[in-house]
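Presented below is the structure to which this report refers.
The values are calculated or read from the model by the stated rules, or taken from the named source; none is laboratory data. Being a predicted model, the structure only gives us computed values, none of them experimental. Glycine also receives a Cβ, built like all others from the backbone with ideal geometry; neighbour counts cover every protein chain displayed. Note: areas computed on protein heavy atoms with side chains; ligands, DNA, RNA excluded. Shrake-Rupley method; radii C 1.70, N 1.55, O 1.52, S 1.80 Å.
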Amino acid sequence: MNGIFTKLREASVSDLIGLALVGLVVVWLVVNFVKDPTAFVNTGLIGLTNGTIFGIVALGYTLVYGILQLINFAHGDVFALSGLVASTVIVSILGLDEGASVMFIIGGLVVTLLVIMVGFALFNASIERVAYKPLRKAPRLAPLITAIGVSFIVQNIGLAVYGVNYRTVPNFIPRTDVISIGDISYSWSKASVLIIVIPLLVVLSWFVRSTKQGKAMRAVAQDTEASAMMGIDVNRTISVTFLLAGALAGAAGVIYLLQFNMRYDTGFELGLIAFTAAVLGGIGNLTGAVLGALIIGFVQAFNEGLGWLAPGSDWTRTMVFGILILILVFRPEGILGEQTPEGA
């Protein structure tokens, strides 16, 4: 106990303010849980689903930043375009509908997922080769501005091809409950997000930690020049990183399309939310990106779904970007990020 008081006395004013804000949020959550535990758990399950989607998009941001220290603003728009193309593959090319057999629907969705992941992995790598690779040795502001420009280009490709209307697909996944305990329920449609995303995260983690190329990515993220001196092909490593980020954006686009409607600008807001999640968890840290995304998912769900003193959906954007500002002020390295000269 004395150690806790000592740490509090040594804490800065900003640290104390941050702790006070966290304490208020905890109190608010506890009161809401006590008042209506069923609604709290159901809302939390929605937050888990949304946070998982944010997480797979946030991983694309954090992968690229970890290698290039570049915030790839185009990533959210690649995600949105992948979802729109997926709608074409599902509806127009494969002709899937709710009346088809279960095996045909599952096979069609698996084919769509693989095609979109491969296609947008190549699309993202092409963006890197055309827009970012020539600026490898340029001042850091140049690729950042280029990323913003690429974001508008990709967004306008979606607008030109698909127009301003939302695209949707039939409800292939049943809305029946996979979990039902009293009034607490979790549908197959939401559980399908976890069923798809968790294996992808396991494979990504294995790739980064255990394969030769994954080790090269971690080496380049630590020190580009030293990696090149040790014989690592830095350009190929960067290209592989963009391939992975594009595949993740494609997977996220398909998953999001199966849950919600999409249009050309869907990636703008969701991309900013995913970027906020990456910063919150510690940008450049894969585990941190997923943790930050889950926190943002819970924040959004609780804000919109709880009854006692919840600001409501009109305040969701304000709260999400307020979190971004607060984390940059009080802990710029993020929850799991390491203190660096840039993040200090």
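Given the criterion assigned to a helix (DSSP H, G or I), open to solvent by less than 70 Å² (accessible area, probe 1.4 Å), within 30 Å of Gly158 (Cα to Cα) and not hydroxyl-bearing (Ser, Thr, Tyr), identify the matching residue among Leu45, Leu63, Leu29, Leu96.
Leu63
So which pairs qualify, if the first residue must be in the stretch 51-63 and closer than 11 Å to Gly76 by Cβ and touching a residue at least 24 places away in the same chain (Cβ under 8 Å), the second must be of a type outside the set (Phe, Trp, Tyr) and outside any helix (DSSP H, G or I), the Cβ gap must be under 8 Å, and the two must be at least 6 apart or on different chains?
Gly60/Asn72; Tyr61/Ile71; Tyr61/Asn72; Tyr61/Ile283
Where the second residue is assigned to a loop (DSSP other than H, G, I, E, B) and not aromatic (Phe, Trp, Tyr) and the first is at negative phi and open to solvent by 10 Å² or more (accessible area, probe 1.4 Å) and lies in the stretch 242-261, which pairs have Cβ atoms under 6 Å and are six or more apart or on separate chains?
Correct list of pairs: Asn261/Thr168.
Identify, from the list Ser82, Ser87, the residue that is over 30 Å from Leu291 (Cβ atoms), of a type in the set (Gly, Ala, Ser), in a helix (DSSP H, G or I) and open to solvent by less than 10 Å² (accessible area, probe 1.4 Å).
Matching residue, one of Ser82, Ser87: Ser87.
Taking Phe73 as meeting all but one of (1) touching a residue at least 12 places away in the same chain (Cβ under 8 Å); (2) outside any loop (DSSP other than H, G, I, E, B); (3) within 22 Å of the chain's Cα centre (by Cα), write down the number of the exception.
So the condition that Phe73 fails would be (2).
Tell me, yes or no, whether the stretch 180-187 has at least one residue that is surrounded by fewer than 20 Cβ atoms within 10 Å (Cβ to Cβ), among the aliphatic types (A, V, I, L, M) and more than 27 Å from Leu244 (Cβ to Cβ).
Within the stretch 180-187, one or more residues are surrounded by fewer than 20 Cβ atoms within 10 Å (Cβ to Cβ), among the aliphatic types (A, V, I, L, M) and more than 27 Å from Leu244 (Cβ to Cβ).
Take the stretch 67-88 and flag every residue that is among the small types (Gly, Ala, Ser) and under 15 Å from Gly246 (Cα atoms). Can you show your working first?
Going through the stretch 67-88, the residues among the small types (Gly, Ala, Ser) turn out to be 74, 76, 80, 82-83, 86-87.
Listed by number, the residues that qualify are Ala74, Gly76, Ala80, Ser82, Gly83, Ala86.
Please work out if Leu291 is modelled with pLDDT of 90 or more, open to solvent by 60 Å² or more (accessible area, probe 1.4 Å) and in a helix (DSSP H, G or I). Reasoning before the result, please.
Values: modelled with pLDDT of 90 or more: yes; open to solvent by 60 Å² or more (accessible area, probe 1.4 Å): yes; in a helix (DSSP H, G or I): yes.
So Leu291 fits the description; yes.
Can you list residue pairs whose Cβ atoms sit under 9 Å apart, with the first residue in the stretch 30-45 being without any contact (Cβ under 8 Å) to a residue 60 or more places away in the chain and the second being assigned to a helix (DSSP H, G or I)? Count only pairs 6 or more apart in sequence or on different chains.
Correct list of pairs: Phe33/Phe40; Phe33/Val41; Val34/Phe40.
Can you tell me which of Val130, Val110, Val154, Val102 is β-branched (Val, Ile, Thr) and surrounded by 14 or more Cβ atoms within 10 Å (Cβ to Cβ)?
Step by step, each of Val130, Val110, Val154, Val102 is checked, and only Val154 is β-branched (Val, Ile, Thr) and surrounded by 14 or more Cβ atoms within 10 Å (Cβ to Cβ).
Against the conditions (1) open to solvent by less than 80 Å² (accessible area, probe 1.4 Å); (2) closer than 30 Å to Glu98 by Cβ; (3) in a helix (DSSP H, G or I), where does Ile148 fall short? Just the number, please.
Going through (1) open to solvent by less than 80 Å² (accessible area, probe 1.4 Å); (2) closer than 30 Å to Glu98 by Cβ; (3) in a helix (DSSP H, G or I) one by one, Ile148 breaks only (2).
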